[in-house]
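Undergrad: One structure is given below, represented as structure tokens, and several questions about it will come after.
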Amino acid sequence: MTYDNIIFEIEGGVAVIKINRPKALNAINPDVLNELTDALGKVRADSSIKVLVLTGEGDKAFIAGADISHMVDLDPLQARRFSNRGQDVTFLLEELPIPVIACVNGFALGGGTEFAMACDFIYASENAKFGQPEINLGIMPGFGGTQRLSRLVGKAMAKELCLTGVMIGAQEAKNIGLVNKIFPHEKLWEETMKTARVIASKGKVSTRAVKQCIDRGFDLDLHNGCYMEADNFGICMASPDGKEGMSAFLEKRKPEFKGELS
Ligand code: DAK
């Protein structure tokens, strides 16, 4: 598939997907969803990719939401299908076996906040703005916003944001636990890639195990979560990367992780 609405690049072990509709502030339409689905399939299938960064093209927006000009004419069944397709993309992002960083370089509204929340963590420019403004359009979040926001920032804060539709800046988003780190706008890309490369230098078996244990364990009780952690710990210990990492420490050298399971 050729891409007209996203840019997909691989640099070392880091894949980058940029939503590429800067004139519409990277709003999401069905073409964007199709292309994202295709690119995420490629990311999943390419074992050389260790980390994914999701961002928006241009200086102004990560994603300013679902494309309102597309949504305005949808009937209820088409709207449900559009919502399902957007939600499918959030699950593809969330369930990738590699870590995904959202690099939020401007507006992340509606579907933009929702896509960012489906990533493993968010780095934001000090110009970034987050929000669930669907209520201002007479609709509601449709790409998982009511569900992921409440899990990330608590029910009361999620309700306030979804019910008022207000935009919040990067600092407030960090204060409520939505954003991990804020950078000056011109440093955001460099800092995001720095972290992406750090994670890409680790063993893929252990990065996958950490992501899965935190995600899958979150909805479990502590005992079952810890049981799953012990199983994954065993897999890491049995992997060549586990042997390599510990041998390298004892031999006082840098480890060379291969990311193989056996
Ligand atoms: N959709 C389509 N076009 C958009 C857009 C959007 N979400 N956001 C911006 N644009 C377009 C503008 O129309 C404008 O196009 P031209 O007039 O130049 O052709 C261009 O991008 C530049 O925008 P502005 O001129 O408005 O730029 P400003 O700097 O003045 O304002 C802004 C920036 C981000 C504050 C403003 O554009 C804005 O308020 N945009 C809308 C933000 C928004 O409401 N986002 C949430 C969208 S709703 C569901 C499925 C999904 C969803 C809900 C339900 N189901 C199917 C049930 C999700 C919904 C959403 O995400």
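The values are calculated or read from the model by the stated rules, or taken from the named source; none is laboratory data. Keep in mind it's a predicted model, so treat the numbers as computed, not measured. Counting neighbours? That spans all protein chains shown, and the Cβs are built from the backbone with ideal geometry, glycine included.
Undergrad: Exactly one of these conditions fails for Lys181: (1) more than 22 Å from Gly12 (Cβ to Cβ); (2) more than 16 Å from the ligand (Cβ to nearest atom); (3) surrounded by fewer than 18 Cβ atoms within 10 Å (Cβ to Cβ). Give me its number.
TA: Of (1) more than 22 Å from Gly12 (Cβ to Cβ); (2) more than 16 Å from the ligand (Cβ to nearest atom); (3) surrounded by fewer than 18 Cβ atoms within 10 Å (Cβ to Cβ), only one is false for Lys181: (1).
Undergrad: If you scan segment 217-234, which residues turn out to be assigned to a helix (DSSP H, G or I) and at pLDDT below 95? So that I can check it myself, show each step before the final result.
TA: Of segment 217-234, the ones assigned to a helix (DSSP H, G or I) are 217-218, 222-234.
The one that is assigned to a helix (DSSP H, G or I) and at pLDDT below 95: Phe218.
Undergrad: Only one of (1) in contact with a strand residue (DSSP E or B) (Cβ under 7 Å, 6 or more places away or on another chain); (2) closer than 20 Å to Glu94 by Cβ fails for Trp189. Which number is that?
TA: Evaluating Trp189 over (1) in contact with a strand residue (DSSP E or B) (Cβ under 7 Å, 6 or more places away or on another chain); (2) closer than 20 Å to Glu94 by Cβ leaves (2) as the failure.
Undergrad: Return the total of residues in segment 49-85 being within 7 Å of the ligand (Cβ to nearest atom) and part of a helix (DSSP H, G or I).
TA: 7
Undergrad: Here's something else I'd like to know. Considering only residues that are in contact with an Asp or Glu (Cβ under 8 Å, 6 or more places away or on another chain) and farther than 20 Å from Ile182 by Cβ, which ones fall in segment 96-117?
TA: Scanning segment 96-117 gives a single hit, Gly110.
Undergrad: Restricting to segment 115-163, name every residue that is β-branched (Val, Ile, Thr) and within 16 Å of the ligand (Cβ to nearest atom).
TA: Across segment 115-163, the qualifying residues are Ile135, Ile139, Thr146.
Undergrad: Condition (residue is under 20 Å from Ala124 (Cα atoms) and either within 11 Å of the ligand (Cβ to nearest atom) or modelled with pLDDT under 95 (or both)) applied to segment 27-42: is it met by at least one residue?
TA: yes
Undergrad: Select, from Asn34, Asn20, the only residue that is surrounded by fewer than 19 Cβ atoms within 10 Å (Cβ to Cβ), in contact with a strand residue (DSSP E or B) (Cβ under 9 Å, 6 or more places away or on another chain), on the phi < 0 side of the Ramachandran plot and not hydrophobic (A, V, I, L, M, F, W, C).
TA: Asn20
Undergrad: Something else: Right, Asn127: without any contact (Cβ under 8 Å) to a residue 12 or more places away in the chain, over 15 Å from the mean Cα position of the chain (by Cα) and within 25 Å of Arg151 (Cα to Cα) or not?
TA: No, not satisfied.
Undergrad: Turning to a different aspect of this structure: Could you pull out every one of the strands (runs of 3 or more DSSP E) wholly within segment 105-196 that has 1 or more residues that are over 18 Å from Val16 (Cα atoms)?
TA: 107-109, 129-131, 181-183
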